[in-house]
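The structure appears right after this line, and notes come after that.
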Amino acid sequence: MDIQLTPENLEFLADLRAALDAMPAEVTAAAVAEMDIDEIDLGPDSRAYLRLLGKGGWIGVSWPKEYGGQGRSAVEQWLFLEEMSYRKLPTGRLGISSVGPTLMRVGSEQQKRDLIPGLLSMDLRIAVAYSEPEAGSDLASLRTSAVLSDDGATYLINGQKVYTSSGHYATHLWLAARTGAADSRSRGITVFIVPTDLPGVTVRPIFTQSGGRTNEVFLDNVVVPADNVVGEVNGGWGIIGMALGFERTFPYSDIARDLEGLIAWVFSDDAPAGLSEDSYTLGLLAELAADVQGARLFSMRAAWMIDQGTIPVAESSSSKIWLSELRQRLASIALGMMGPAGQLATRTDGAPASGRFEQLHRFAPLMKIGGGTNEVQRNIIAQRGLLLPR
């Protein structure tokens, strides 16, 4: 992998930065403020920002032009995510980074025509509905059922999903359900597109320790057209794996910016006297800086592999583990430097670094679970990356 950006990459990045700088200041500020409160949720100000940005063709950077994108490389899509994350701006969530790229590869022509334009315009918002009360890390044990009608025209879906982030504003669910026998595990799972306004779909909030919102979703005799099956019936396991491979191409630049904030605090008048001259403190900052560069390489490798026509699997899992655990490490080290005052909540008067690291400390554990727990990611690396036996 060439870790240097090409002249074309750099030209794209300059154009992107110019476009972002030209966005109305009040729209940008509202989106940043909303993201500061909840990094996962995509609220109305964030959607308004993305809708305006999308009119310039900046959302689906790597999507083919016939689908409304710019037809650029996956590395340039990664650069888009990096720039947006560094600026604390919304990126469009999984509809753009995971569902859209998967749908373009395995969806029917009708699904592509009906859904993809709406993803780019933000008129269509998809929430991923995989996990269940008894099927999280072991997703192959999911129980939500989809039963084909006698005439083959519809499916009847019943079940419950949990931790469905963005489900409360989603127009559709990207839902995994069992179409095979009860004991079919991964061989009997199918992916469906389920409109959230169908009778029988109920969304209820679950609030996280970081103050954000995720959801539980109930499906009670929900009738879905058979045309809403994505790919092959009982072929959902491979589709889920593909979508997760795209999802786990996480940006690293938000961590880089947080480290910059910690360094700025250490060298400010607000830090304890002598902290900026303490060799142990400086050593910790140097280690974190090296780890951030490692995060960049993990993240960039996954994007580069997509450009080579390969779906990153073990590589995306490696990136996900490194990034999520680096977040936790950064937060813990920062709070250790700040002492008792570091426990002051974000946006509280007198909180060191505006309380960012107290917030990050509460948020970071979620990232070790979301997108697949890190324990499961280590199994993926062992089995599919290192080809070790189960």
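Selection of first residues in segment 352-379 that are without any contact (Cβ under 8 Å) to a residue 40 or more places away in the chain and of second residues that are β-branched (Val, Ile, Thr) and open to solvent by 40 Å² or more (accessible area, probe 1.4 Å), restricted to Cβ pairs under 8 Å at least 6 apart or on distinct chains, gives the following pairs, ordered by first then second residue: Gly355/Thr348. Output the number of the condition that Ile333 fails; it satisfies all remaining conditions of (1) modelled with pLDDT of 95 or more; (2) on the phi > 0 side of the Ramachandran plot. Single failed check for Ile333: (2). Would segment 74-87 turn up any residue that is touching a Phe, Trp or Tyr at 6+ places or on another chain (Cβ under 9 Å) and more than 20 Å from Ser316 (Cα to Cα)? No, the conditions are met nowhere in segment 74-87. For segment 55-97, the set of residues classified as farther than 25 Å from Leu173 by Cα, in contact with a Pro (Cβ under 6 Å, 6 or more places away or on another chain) and in contact (Cβ under 8 Å) with a residue 40 or more places away in the chain consists of Glu82 only.
Restricting attention to segment 342-383, and to residues there that are closer than 20 Å to Ala302 by Cα and of a type in the set (Lys, Arg), which single residue is modelled with the highest pLDDT? Let's see the steps before the verdict.
To start, the set of residues in segment 342-383 that are closer than 20 Å to Ala302 by Cα comprises 367-383.
Now restrict to residues that are of a type in the set (Lys, Arg): 368, 378.
Numbers: Lys368: 87, Arg378: 94.
Of everything passing the filter in segment 342-383, Arg378 is modelled with the highest pLDDT.
Residue count for segment 250-281 satisfying the condition of being surrounded by 13 or more Cβ atoms within 10 Å (Cβ to Cβ) and either farther than 21 Å from Ala351 by Cα or among the aliphatic types (A, V, I, L, M) (or both): 13.
Restricting the search to segment 37-50, which residues are modelled with pLDDT of 90 or more and not hydrophobic (A, V, I, L, M, F, W, C)?
At the first step, the residues of segment 37-50 found to be modelled with pLDDT of 90 or more are 45-46, 48-50.
Passing the criteria: Asp45, Ser46, Tyr49.
Checked against the criterion of being open to solvent by 50 Å² or more (accessible area, probe 1.4 Å) and under 20 Å from Ile239 (Cβ atoms), segment 191-207 has no qualifying residue.
Checked against the criterion of being within 21 Å of Gln111 (Cα to Cα) and either open to solvent by 10 Å² or more (accessible area, probe 1.4 Å) or among the polar types (S, T, N, Q) (or both), the candidates Tyr163, Tyr155 yield just one match: Tyr155. Taking the conditions (1) within 28 Å of Ser73 (Cβ to Cβ); (2) open to solvent by 10 Å² or more (accessible area, probe 1.4 Å); (3) touching a residue at least 40 places away in the same chain (Cβ under 8 Å); (4) of a type in the set (Gly, Ala, Ser) in turn, Ser319 satisfies each one other than (2). Reported count of residues in segment 332-367, each being crowded, with 18+ Cβ neighbours inside 10 Å, within 17 Å of Phe267 (Cα to Cα) and not hydrophobic (A, V, I, L, M, F, W, C), is 4.
Within segment 368-375, can one find any residue that is open to solvent by less than 40 Å² (accessible area, probe 1.4 Å), within 30 Å of Ala74 (Cα to Cα), in contact with a Phe, Trp or Tyr (Cβ under 9 Å, 6 or more places away or on another chain) and among the hydroxyl-bearing types (Ser, Thr, Tyr)? So far as segment 368-375 goes, no, none of its residues is open to solvent by less than 40 Å² (accessible area, probe 1.4 Å), within 30 Å of Ala74 (Cα to Cα), in contact with a Phe, Trp or Tyr (Cβ under 9 Å, 6 or more places away or on another chain) and among the hydroxyl-bearing types (Ser, Thr, Tyr). Among the listed residues Leu284, Leu326, identify the single one that is surrounded by 16 or more Cβ atoms within 10 Å (Cβ to Cβ), at pLDDT 95 or above and under 28 Å from Pro101 (Cα atoms). The match here is Leu326.
Quick grid of which residues meet (1) under 14 Å from Val229 (Cβ atoms); (2) aliphatic (A, V, I, L, M):
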{"residue": "Arg113", "(1), (2)": "no, no"}
{"residue": "Pro117", "(1), (2)": "no, no"}
{"residue": "Leu120", "(1), (2)": "no, yes"}
{"residue": "Ser131", "(1), (2)": "no, no"}
{"residue": "Gly136", "(1), (2)": "no, no"}
{"residue": "Ser141", "(1), (2)": "no, no"}
{"residue": "Asp150", "(1), (2)": "no, no"}
{"residue": "Tyr155", "(1), (2)": "yes, no"}
{"residue": "Gln160", "(1), (2)": "no, no"}
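Kindly indicate whether any position in segment 62-70 is closer than 26 Å to Lys368 by Cβ, assigned to a helix (DSSP H, G or I), open to solvent by 20 Å² or more (accessible area, probe 1.4 Å) and at pLDDT below 90. Steps first, please.
Start the filter on segment 62-70 by keeping residues that are closer than 26 Å to Lys368 by Cβ, which leaves none.
Scanning segment 62-70 turns up no residue that is closer than 26 Å to Lys368 by Cβ, assigned to a helix (DSSP H, G or I), open to solvent by 20 Å² or more (accessible area, probe 1.4 Å) and at pLDDT below 90.
Take Glu34 and tell me if it is part of a helix (DSSP H, G or I), at pLDDT below 95, closer than 17 Å to Asp254 by Cβ and open to solvent by 30 Å² or more (accessible area, probe 1.4 Å).
yes
If you take the residues of segment 141-154 that are closer than 25 Å to Arg93 by Cβ and in contact (Cβ under 8 Å) with a residue 60 or more places away in the chain, which of them is nearest to the chain's Cα centre (by Cα)?
Initial filter on segment 141-154 (closer than 25 Å to Arg93 by Cβ): 142, 144, 146.
Filter again for in contact (Cβ under 8 Å) with a residue 60 or more places away in the chain, leaving 144, 146.
On the way: Thr144: 23, Ala146: 27 Å.
Looking at residues that are closer than 25 Å to Arg93 by Cβ and in contact (Cβ under 8 Å) with a residue 60 or more places away in the chain, I get Thr144.
I'd like to know if segment 241-249 contains one or more residues that are part of a loop (DSSP other than H, G, I, E, B) and open to solvent by less than 30 Å² (accessible area, probe 1.4 Å). Can you show your working first?
Step one: of segment 241-249, the residues part of a loop (DSSP other than H, G, I, E, B) are 248-249.
Filter again for open to solvent by less than 30 Å² (accessible area, probe 1.4 Å), leaving 248-249.
Yes, some residue in segment 241-249 is part of a loop (DSSP other than H, G, I, E, B) and open to solvent by less than 30 Å² (accessible area, probe 1.4 Å).
If we scan segment 30-46, do we find a residue that is farther than 29 Å from Ile369 by Cα and hydrophobic (A, V, I, L, M, F, W, C)? Scanning segment 30-46, I find no residue that is farther than 29 Å from Ile369 by Cα and hydrophobic (A, V, I, L, M, F, W, C), so the answer is no.
Does segment 3-18 contain at least one residue that is open to solvent by less than 40 Å² (accessible area, probe 1.4 Å), farther than 30 Å from Pro205 by Cα, assigned to a loop (DSSP other than H, G, I, E, B) and out of contact with any strand residue (DSSP E or B) (no Cβ under 6 Å at 6 or more places or on another chain)?
Pass one, segment 3-18, residues open to solvent by less than 40 Å² (accessible area, probe 1.4 Å): 9, 12-13, 16.
Checking which are farther than 30 Å from Pro205 by Cα leaves us with 9, 12-13, 16.
Going one step further and asking which of them are assigned to a loop (DSSP other than H, G, I, E, B), we end up with none.
No, segment 3-18 contains no residue that is open to solvent by less than 40 Å² (accessible area, probe 1.4 Å), farther than 30 Å from Pro205 by Cα, assigned to a loop (DSSP other than H, G, I, E, B) and out of contact with any strand residue (DSSP E or B) (no Cβ under 6 Å at 6 or more places or on another chain).
The values are calculated or read from the model by the stated rules, or taken from the named source; none is laboratory data. This is a predicted model, so every value here is computed, not measured. Cβ coordinates were reconstructed from backbone atoms using ideal geometry, including for glycine residues, and neighbour counts include every protein chain displayed. Accessible surface is based on the protein model in full, side chains and every heavy atom, while ligands, DNA and RNA are left aside. Shrake-Rupley method; radii C 1.70, N 1.55, O 1.52, S 1.80 Å.
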